[in-house]
Amino acid sequence: MELKMVERTARLCARCSKMCRHVCTTHAVTRSEVDTPNERCAIAYRALERGKFLPWEVPYMYEKCATCGLCLVWCETELDASDVMLAARADIVNQGLAPQSALAVNKSVMEQGNPHGEPREKRFAALAEEIAALPDKAEVLYFVGCDTLYRQPEVARVAIKVLQAANVDFTVLKDGELCCGEPQYLLGFSNASHEIARQNAALIEKSGAKRVVFTCPSCMKIMKDTYPKWGVNLPEGVELLHMTQFLQELLAEEKIVLRREVAKRVTYHDPCDLGRRQGIYDAPRTVIQAIPGVEFIELQFNRENSRCCGAGGGLGATNLGLVIETSKTVIGLAQDVSADILVTACPTCKTSFQRHTNRRDDLDTVDVVELVAMALGLYSISE
């Protein structure tokens with residue numbers, strides 16, 4: 001079993017006094033003792049001991065963990081329960097017990113190149129005008145990603161405007177961009193995600209780019225941290241950057257100059273895959289605080305203690321109800337600091353928060369690049 005590779009983590013976590021339950025994304029909503037990292041690892045460890053999962057155990061592996069890493073922050077022994085969940089899901093797939101929701105995501109990625117069941121040929125449909133004149137090869141490749149293209153196309157549209165305003169030599173994989181493979185990996189279809197990784201590496205090499213920029217931290221994380229573990233390496237010398245890091249660089253080099261005031265009280269939410277998983281905390285804040293007129297205030301829980309939007313770990317597919325309830329936590333934290341704008345740097349997080357803020361008059365949700373575009377006069381929230 002795949003769980004054998006993380007046996008120590010599963011065993012120690014299963015026998016712990018479970019202090020991490022106080023921060024667990026799922027437990028914060030359900031308040032059930034079975035919905036803690038400790039109990040989930042205990043279920044997985046029992047499955048490992050018997051050599052298989054029982055059908056009733058499957059939902060606890062698939063529907064209760066956002067792989068957000070909050071438990072790891074609190075764990076004195078630095079055990080990551082997410083590793084146990086990912087291994088468990090792979091074993092469940094191999095055992096033929098994967099839930100229908102997970103199977104549907106895998107089928108969609110394999111057949112349509114995205115996890116949302118959207119047609120492959122419409123991947124760049126919302127950006128047809130913006131990308132028409134982009135070259136086939138460039139110094140910088142903007143890897144847009146499924147969640148940005150299919151759920152937050154305005155983020156991609158604005159990002160392209162900002163890159164053009166900075167005279168960046170960039171392009172996108174308009175004829176061949178695929179899913180990064182993260183959704184399959186999270187749901188236990190590791191072999192399929194390995195093949196996606198190889199295809200993406202080849203596409204990036206073909207683009208000739210020396211730098212790849214992402215608005216989706218999950219796409220960046222899997223390419224930077226996970227692909228190499230699978231023996232899939234991007235072309236030598238290629239640098240991977242999140243859009244907030246690239247924006248910080250453009251500001252420092254004065255390739256973009258922010259002159260328009262954004263007179264708003266702004267707070268920032270650290271996405272799990274950008275902050276806890278990659279340690280990128282300062283770049284978004286540096287960019288936000290460079291915008292004229294912004295009054296910046298931190299959320300009560302920020303940086304490594306930031307609360308999850310709820311949609312990580314494939315929960316958007318396997319337990320949407322939990323995602324909706326979980327995301328209310330961050331909305332409440334933004335209300336507590338009387339923010340006008342809740343800024344994040346992840347399309348998945350933005351979608352989670354907009355389910356609530358789109359129905360409100362006192363709080364808006366935007367991506368960091370959209371806030372920058374506002375200061376450049378390229379975008380307004382009403383658009």
| said: I'd like the FRET efficiency for T286 and E49, computed as 1/(1 + (r/R0)^6) with the beta carbon distance as r and R0 of 35 Å, rounded to 0.05. | reply: 0.10
| request: Only loop residues by DSSP count here, and only those with at most 14 other Cβ atoms within 10 Å; note down the GluC sites (Glu not before Pro) in region 239-330 that meet that. | output: E253, E254, E261, E298
| message | Could you list H22, H269, H356, H27 so that the one with the fewest beta carbons within 10 Å of its beta carbon is first and the one with the most is last? | response | H22, H356, H27, H269
| remark: For K52, counting only lysines whose alpha-carbon sits under 27 Å away and dropping same-chain residues fewer than eight positions off, the answer is K4, K18, K64, K107, K229
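Quick one: if the Förster radius is 35 Å, what FRET efficiency do K174 and R359 give, using the C-beta to C-beta distance and rounding to 0.05?
0.55
Apply the a/c threshold of 1.5 to the C-alpha gyration tensor of region 101-249 and tell me whether it is rounded, prolate or oblate.
Here region 101-249 falls in the oblate category.
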| message | Taking 0.36 nm per residue of sequence separation and subtracting the Cα-Cα distance, how much length would be gained by fully extending the chain between Q95 and K229, in nm to one decimal? | response | 45.9 nm
| note | Under the rule rounded for a/c under 1.5, else prolate if a/b exceeds b/c, else oblate, using alpha carbon gyration tensor axes a ≥ b ≥ c, region 1-148 is classed as prolate
| remark: Between L240 and residues 5 or more places away or on another chain, the pairs with built amide H atoms under 5 Å apart involve V212
| Counting alpha carbon pairs within less than 8 Å and at least 6 residues apart, what relative contact order, in whole percent, applies to the chain? | 17 percent
| field | At most 11 other Cβ within 10 Å, DSSP loop - trypsin sites (Lys or Arg not before Pro), region 239-309 | value | R259
| query | Taking amide hydrogens as modeled 1.01 Å from N in the peptide plane, which residues meet the under 5 Å criterion relative to T365, leaving out close sequence neighbours? | reply | L342
| Whole-Hz ³J(HN,Hα) from phi, Karplus 6.51 cos²θ - 1.76 cosθ + 1.60, for region 342-353, glycine and proline x | 9, 9, 9, 9, 8, x, 5, 4, 4, 4, 4, 6
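Count neighbours as other Cβ atoms within 10 Å of each site's Cβ, and list the trypsin sites (Lys or Arg not before Pro) in region 119-153 that are DSSP loop with at most 15 such neighbours.
Working: sites: R120, K122, R123, K137, R151; in loops: R123, K137.
Here the trypsin sites (Lys or Arg not before Pro) that fit, given the DSSP loop and packing criteria, are K137.
Where Lys and Arg each count +1 and Asp and Glu each count -1, what net charge lies around F353 among other residues with Cβ under 11 Å from its Cβ?
On the way: positive: K328, K350, R355, R360; negative: D364, D367.
Its environment carries a net charge of +2.
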| remark: region 158-194 and region 76-127 have their Cα centres apart by a whole-number Å value of 16 Å
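What list do you get for D91, D362 if you sort them by fewest beta carbons within 10 Å?
Result, fewest neighbours first: D362, D91.
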| task | Pick out, from I280, A311, M374, the residue whose Cα sits farthest towards the positive end of the charge dipole of region 257-375, with +1 on the Cβ of Lys and Arg and -1 on the Cβ of Asp and Glu. | result | A311
| query | Can you work out ³J(HN,Hα) from phi for every residue in region 277-282, in order, using Karplus 6.51 cos²θ - 1.76 cosθ + 1.60 and θ = phi - 60°, giving whole Hz and x for Gly and Pro? | reply | 7, 10, x, 9, 10, 7
| request: Provide, in order from the shortest bin, the percent of all Cα-Cα pairs of the chain in each 20 Å bin, continuing until the bin that contains the maximum pair distance. | output: 29, 58, 13, 0
| query | For region 58-63, what does the Karplus curve 6.51 cos²θ - 1.76 cosθ + 1.60, with θ = phi - 60°, yield as ³J(HN,Hα) per residue in whole Hz, taken in order and with x for Gly and Pro? | reply | 4, x, 5, 7, 9, 10
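Based on the mean of other beta carbon atoms within 10 Å per residue, what is the order of 330-338, 80-88, most packed first?
80-88, 330-338
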| remark: Output ordering of 93-105, 61-73 (per-residue mean of other Cβ within 10 Å, highest first) is 61-73, 93-105
| query | Between E205 and W74, what is the label-to-label distance in nm when each label sits 7 Å out along the Cα-to-Cβ direction? | reply | 4.5 nm
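All of the numbers you see were taken from the coordinates with simple rules; none came from a lab. This one's a predicted model, so the numbers in the text were calculated from it and none came from an experiment. Quick reminder, even Gly has a Cβ in these numbers, built from the backbone with ideal geometry, and neighbours come from all protein chains shown.
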